[in-house]
C-alpha cells in the first residue's frame, strides 16, 4: 500500500492545472496515489486531466458543483493511505516536496498537520514575494490568535489522526475552512511548519486562492477568532476581538490615538491570560510589534505618536531601514 495520496480539488482550472499536475508527477518521491476531484467544471479542466496516462492518477467528477468544502471532505472520506497531501489547482510543488515532508513526518509521527513555507507568484509566473510562517506548534497556536499561519495547499495530513477524530472541513466556514480546522486540531495535536520553501503559491485573480480572498466573510473570520479565544479560556469581549481583527487587518478604524490606546490595552490583557506552556509569549510580542510596524511604515500611524502610545504596553522600535522607508514615503507623498 502506498503511503501518500495527493488530493487536488479542481474547478474551472484550465489555465493552470497542467502546471500543477506536472509538478506533482515530477516529484523525486514517486510512490503515491494522486486523486483529482473535478467539482463540475464547465471549461476544459477535465479534458486536460484526461490527456494524462499515469497509473497513479484517478479522476472523480462531481455530478454538480459542490463547493470546496464538500469536495475536500469527499476526498478525505475516500482516501485510505496513511498521509494526505493537499495541493490547489493553481499552485505548484517543488520537486522534492513530498520527499521532504514524508521524511519529516516519519520521524515525528505525532504531528497531525505538516505545512511548508511558500513563494508567492502571479498569473504570469513572476515572483512577487513570500511570507515566513512560524515553525513550532506553540508559535502556530499563538499566531492563530490573530490569523491563519498555515498555507493550506502546502500541508501533509496525518490521516490516522484525522480518521480517529473524524476531523472534517466545516461548510459553515467555507472560505476559511482550513483555519477552522487548524483551530480544532491544535487543541489536541501538534501542527508544525518546516522551514523549506516547497510550494509556489499563486496570487491569482481567477483561481481559488484569490477568489476566496476577494469574498472574505468578516463575520466568519471574527467567529473563528472568537472560537480560538474561547477554546483556550481567554476572557475577552466580542467588541475587543473586533478591535484586534481591525488592527491585524490594518483597518482605518483603529488608527486614531484613542483606538490605538484601546487596542494596545486589549492585547496586553490577552497576553496576561496566555498559558506559557501552550503559547509563545515572546512570539506574541513580536507579532504585535510586526502588525504595528506595518501601520507605521504604511504611514497609517505617525511614528512618534504611535510609539508613545504603544510603548505603554509593549516594547517597540523600528530599525534604521524601516525609518528610512517611512522618510522616503513621506517625501514622495509630500
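The values are calculated or read from the model by the stated rules, or taken from the named source; none is laboratory data. Remember, predicted model here, so these are calculated numbers, not experimental data. Quick reminder, even Gly has a Cβ in these numbers, built from the backbone with ideal geometry, and neighbours come from all protein chains shown.
Before moving on, here are some points about what is shown:
- The test for being in the same structural domain as residue 200 (by TED's automatic domain parsing), more than 20 Å from the chain's Cα centre (by Cα), in a loop (DSSP other than H, G, I, E, B) and over 20 Å from residue 194 (Cβ atoms) holds for residue 80.
- Condition check for residue 25: in contact with a helix residue (DSSP H, G or I) (Cβ under 6 Å, 6 or more places away or on another chain) and surrounded by fewer than 18 Cβ atoms within 10 Å (Cβ to Cβ): no
- Residue-level check: of (1) part of a loop (DSSP other than H, G, I, E, B); (2) in contact with a helix residue (DSSP H, G or I) (Cβ under 6 Å, 6 or more places away or on another chain); (3) in contact (Cβ under 8 Å) with a residue 60 or more places away in the chain, residue 112 misses just (1).
- Check on residue 122, surrounded by fewer than 15 Cβ atoms within 10 Å (Cβ to Cβ), outside the structural domain of residue 248 (by TED's automatic domain parsing) and either without any contact (Cβ under 8 Å) to a residue 24 or more places away in the chain or over 29 Å from residue 246 (Cβ atoms) (or both): no
- One residue stands out among those in segment 128-145 that are part of a strand (DSSP E or B) and in contact (Cβ under 8 Å) with a residue 60 or more places away in the chain: the one that is farthest from residue 276 (Cα to Cα), which is 128.
- Failed item in (1) free of Cβ contacts under 8 Å to residues at least 60 places away in the same chain; (2) in contact with a helix residue (DSSP H, G or I) (Cβ under 8 Å, 6 or more places away or on another chain); (3) within 24 Å of residue 102 (Cα to Cα), with residue 33 passing the rest: (2)
- Test: residue in segment 88-99 that is more than 19 Å from residue 202 (Cα to Cα), surrounded by fewer than 17 Cβ atoms within 10 Å (Cβ to Cβ) and in the same structural domain as residue 130 (by TED's automatic domain parsing): yes
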